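Enquirer: Below is a structure I'd like to ask you about.
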Amino acid sequence: MSEPRRAHVSDHSAIVDRVQRWWGDSRTPAQARELSLLLPRLFLQFFSGTSLVLEDETGIRAFLVGFHSPDDDAGAYIHFVGVDPELRGQGTARRLYTTFFQRAAEAGRTEVRAITSPGNAGSIAFHRAMGFALEPGDREVGGLPVHNDYDGPGQDRVCFFRRIA
């Protein structure tokens, strides 16, 4: 596997395809398609310089879509990460996050944020293992601080924060 490289707009269709395939084992095709809508082309048009792709001779095997906040000189945000199911549990996501942290710190950023749904136990465990703290929410669900209606009615989220420099 190569080193993480900068994403390109031309990666968009392959990334959308990967989301629909990689999440197809835990969602219906319609749900996987809906999930891929979280990655419109604009993320790679405007944030390709801060987004990452890992690939081998078979194509894209993992990706991270993230950006440096234009409104907060200290902040960076990880929007979406995908890892081929064959590579999960092998440090691939950790490698992408570590590269993102390093590049964000080199650009003068000192904090990274991310979110997930309260039911995504794997994501919550991963972010905690990567040193993220859970931000206080407006209620608790199963001992987790949750931000009610964060992404709209019924779209609660767990919010993460990590200092990087």
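Enquirer: Quick one: pull the percentage of alpha-carbon pairs in region 50-110 with a separation above 20 Å.
Expert: Result for the distance tail: 28 percent.
Enquirer: If you don't mind, another one. Take residue 149 and residue 2, extend 7 Å from each Cα along the Cα→Cβ direction, and tell me the distance between the two endpoints in nm.
Expert: That separation, rounded to one decimal, is 4.6 nm.
Enquirer: Right, another one. How much length is gained on full extension from residue 98 to residue 42, taking 0.36 nm per residue of separation minus their Cα-Cα distance? Kindly include the intermediate steps, with their values, before the conclusion.
Expert: Values: separation 56, 0.36 × 56 = 20.16 nm, distance 2.39 nm.
Gain in length upon complete extension: 17.8 nm.
Enquirer: Continuing with the same structure: Once each part is reduced to its C-alpha centroid, what is the distance from region 1-40 to region 97-130 in angstrom?
Expert: 19
Enquirer: Okay, moving on. With a 1.4 Å probe and every protein chain kept in, tell me what percent of the accessible surface of the chain is carbon plus sulfur.
Expert: Whole-percent figure for carbon plus sulfur exposure: 50.
Enquirer: Within the chain, what's the longest run with no trypsin sites (Lys or Arg not before Pro) in a DSSP loop and at most 16 other beta-carbon atoms within 10 Å? Give the range, please.
Expert: Result, exposed sites excluded: 89-165.
Enquirer: Using a Förster distance of 25 angstrom, determine the FRET efficiency expected from the C-beta separation of residue 13 and residue 87, and round it to 0.05.
Expert: Working from the Cβ atoms, E equals 0.75.
Enquirer: Taking the Kirkwood radius as the inverse of the mean 1/r across Cα pairs, report the Rg/Rh of region 20-81.
Expert: Across region 20-81, the Cα-based Rg/Rh ratio is 1.04.
Enquirer: Please give the contour-minus-distance gain from residue 56 to residue 135: 0.36 nm per residue of separation, less the Cα-Cα distance, rounded to one decimal in nm.
Expert: Between residue 56 and residue 135, full extension yields an extra 24.8 nm.
Enquirer: Determine the per residue accessible area of the chain with all protein chains present and a 1.4 angstrom probe, expressed in square angstrom.
Expert: On a per-residue basis, the chain sits at 52 Å².
The values are calculated or read from the model by the stated rules, or taken from the named source; none is laboratory data. Just so it is clear, the structure is predicted and the values come from calculations on it, not from any experiment. For neighbour counting, all protein chains shown are included, and Cβ atoms are generated from backbone atoms with ideal geometry for every residue, glycine included. Surface areas here come from the heavy atoms of the whole protein model, side chains and all, with no ligands, DNA or RNA. Shrake-Rupley method; radii C 1.70, N 1.55, O 1.52, S 1.80 Å.
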